[in-house]
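Asks: Take this structure, written in structure tokens, and hold onto it; I'll ask about it next.
The values are calculated or read from the model by the stated rules, or taken from the named source; none is laboratory data. Source: prediction; values computed, not measured. Virtual Cβ from ideal backbone geometry, glycine too; neighbours counted across all protein chains shown. Ligands, DNA and RNA are excluded from the accessible area calculation, which covers all protein heavy atoms including side chains. Shrake-Rupley method; radii C 1.70, N 1.55, O 1.52, S 1.80 Å.
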Amino acid sequence: MSQPQNSKYITAIVDALQRNSAIERVIYPYSTANNQNQADAVIDISVNPRYDGNGSNFLVNWPGFLIFAPAIWGYGYTADIKTEATITNLKNGKTQQLSIPAQFEFRQAEIDRTWTEIGWFEVGIIPLLGGIVFTAYDSDLTPEFIKNVAPTYGPYVATKATKAVYDSLGYN
């Protein structure tokens, strides 16, 4: 994993798998040395999120500061989460690759960006410059985003992975 925060996505998936009544047991973390002959299949998961800010954030900031748009609507962001799973059937050794894309759009108003509304006190230069800067993603939103999206993302990926495992084991 390239980012330590990605482990929170993995935790959300594992939690959803553990809550799935159709799955007898989830061993996490799985180790061939410690858990050999205790599983029918192994899922190796890799999560690669990409976060972006919306270009429309410029308009939210300038001229949006005139109507307090940054505080009212917040700034727009996207998260494209590419989840790759390698599923190995331990009975026959066959593997299959599974790609599970997930896309989210969200908005956030935070004082570290909305402060530029002070443009009312001068000619509007601060919101203009802030609007240029604030088209980028605000990386301090990531922990809160993961916390809020985990209850949806985890079960979504777990459902797709479970179906692929059942197919590989012939449990259709």
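Asks: Would you please list the contacts, defined by Cβ atoms under 7 Å and residues six or more apart or on different chains, that run from a residue in the stretch 94-113 that is free of Cβ contacts under 8 Å to residues at least 12 places away in the same chain to a residue that is surrounded by fewer than 16 Cβ atoms within 10 Å (Cβ to Cβ)?
Replies: Within 7 Å, the pairs are 95/86.
Asks: Now for a separate question. Quick check on residue 44: is it among the acidic types (Asp, Glu), open to solvent by less than 80 Å² (accessible area, probe 1.4 Å) and not in a loop (DSSP other than H, G, I, E, B)? Show your work before the answer.
Replies: Numbers: among the acidic types (Asp, Glu): yes; open to solvent by less than 80 Å² (accessible area, probe 1.4 Å): no; not in a loop (DSSP other than H, G, I, E, B): yes.
Criteria not met by residue 44.
Asks: Here are 159, 86, 78: which of them is open to solvent by 80 Å² or more (accessible area, probe 1.4 Å) and modelled with pLDDT of 95 or more? Lay out the reasoning, then the answer.
Replies: Working: 86 fails: open to solvent by 80 Å² or more (accessible area, probe 1.4 Å); 78 fails: open to solvent by 80 Å² or more (accessible area, probe 1.4 Å).
Sole residue among the options that is open to solvent by 80 Å² or more (accessible area, probe 1.4 Å) and modelled with pLDDT of 95 or more: 159.
Asks: Based on what the data block shows, is residue 52 more than 23 Å from residue 97 (Cβ to Cβ), of a type in the set (Asp, Glu) and either at pLDDT 95 or above or open to solvent by 60 Å² or more (accessible area, probe 1.4 Å) (or both)?
Replies: Details: more than 23 Å from residue 97 (Cβ to Cβ): yes; of a type in the set (Asp, Glu): yes; either at pLDDT 95 or above or open to solvent by 60 Å² or more (accessible area, probe 1.4 Å) (or both): yes.
Yes: the conditions hold for residue 52.
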